[in-house]
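Structure, as structure tokens:
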Amino acid sequence: MARMKFIWDEERCMECNGCVTACKNEHEVPWGVNRRRVVTLNDGVPGEKSISVACMHCSDAPCMAVCPVNCFYRTDEGVVLHDKDVCIGCGYCSYACPFGAPQFPSQGTFGVRGKMDKCTFCAGGPEANGSQAEFEKYGRNRLAEGKLPACAEMCSTKALLAGDGDVVADIFRNRVVQRGKGAEVWGWGTAYGTKAGEGAKS
Amino acid sequence: MKRTALRWATGVIALGLAAGLAACGEKPQVLTGVPKSDTAPYTGTGVSAFTAPGWQAGDATSWNSQLKARAQYGMNDHTRSP
């Protein structure tokens, strides 16, 4: 069974925000909610790096550990999803997540915090695959359509890789060998765990 | 006779008290309906217009191969340029 993973190649990102736009368009995400966003480190300084951040679908997800109503679940493909019918919008997950993935809509009355929203790896939610109910709550279910996440497929420089962990790791490894640098995979250690000396940084 | 009536009255009062106390009990607060599984994506959406061609819905092996191939030709630009 495939184990879905994101890999971010910081050597290739040119901060076009195409991934952000693709995600918002594909899932019709409301204003103020960004399931994916591009963060630039050392902005304006020569050698700045841009990183596209979303839910990394961690192997040992902190959000799942802290959720008081147990609304999270992990699919057989390793995608961390949640049930909005169970979520109470407490926000514990947003404090626990090292990537700032959980988002909360702010258009409620008096700024009340609504149900949590986050990247689904384009895998929808617990509703029937491809149903209108699933789309309204979680967006499109591209995995069930035989496609990969829109952000990665739309990335113009292919800095963002998404798909079966073995395949995307192989693509990334090949790039590193070809260019001879940039072996650091941002967020990999935090999300999936890394043994010391493997070269990945958190 | 008087003793039997007294026993009956005591029994009725005891039952009433027991019923009253039962009303003070907590409702079960166990979460039900929390999904621990989702319909597997390889089952497809049933909407052919949006489904990528080249794989068979319901066949996990076919779906896996489709996603692996899609990642290769969509993201591995080293296979397209020397």
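Inside 10 Å of the C-beta atoms of A:157-166, what's the mean count of C-beta atoms belonging to other chains?
Details: counts 1, 5, 1, 1, 4, 4, 7, 6, 0, 2.
Average neighbour count from other chains, rounded to a whole number: 3.
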Comparing A:ARG74, A:ARG36, A:ARG179 in a Gaussian network model of chain A (Cα, 10 Å), the one with the largest mean-square fluctuation is A:ARG179
Here the averaged projected area of the stretch A:92-179, based on the convex hull of its alpha-carbon atoms and given in nm², is 8.1 nm²
Surrounding charge for A:GLN132, neighbours by C-beta under 13 angstrom, Lys/Arg +1, Asp/Glu -1, total -2
D (µm²/s, integer) via Stokes-Einstein for the stretch A:128-187, Kirkwood Rh across alpha-carbon pairs, 37 °C, 0.692 mPa s: value 243 µm²/s
For chain A, the longest principal axis of the Cα atoms and the Cα long axis of helix A:18-27 enclose an angle in degrees, to the nearest 10, of 30 degrees
Relative contact order of the stretch A:30-138 (C-alpha contacts under 8 Å, at least 6 apart) in percent is 25 percent
Measuring from the longest principal axis of the C-alpha atoms of chain A, the long axis of helix A:165-179 (C-alpha) lies at a number of degrees, nearest 10, equal to 30 degrees
If exposed means GluC sites (Glu not before Pro) lying in a DSSP loop and surrounded by at most 13 other beta carbons within 10 Å, then the longest stretch of chain A lacking such sites spans residues A:49-197
Under Stokes-Einstein, the stretch A:4-192 at 20 °C and 1.002 mPa s, with its Kirkwood radius over C-alpha pairs, diffuses with a coefficient in µm²/s of 125 µm²/s
Within 10 Å of the Cβ of an average residue in B:44-53, the count of other chain Cβ atoms is 5
For the stretch A:60-202, averaging the sequence separation of alpha carbon pairs under 8 Å that lie six or more residues apart and dividing by its residue count, the contact order in percent is 14 percent
In nm, the gap between the two label points placed 7 Å beyond Cα toward Cβ at A:GLU48 and B:ALA5 is 9.6 nm
Counting other chain Cβ atoms within 10 Å of each Cβ in A:125-137 and taking the mean gives 3
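Every number in this text was worked out from the coordinates using simple rules, so none of it is lab data. As the structure is a prediction and not an experimental result, all values here were calculated from the model. Note that we place each Cβ from the backbone using ideal geometry, even for glycine, and neighbour counts take in every protein chain shown.
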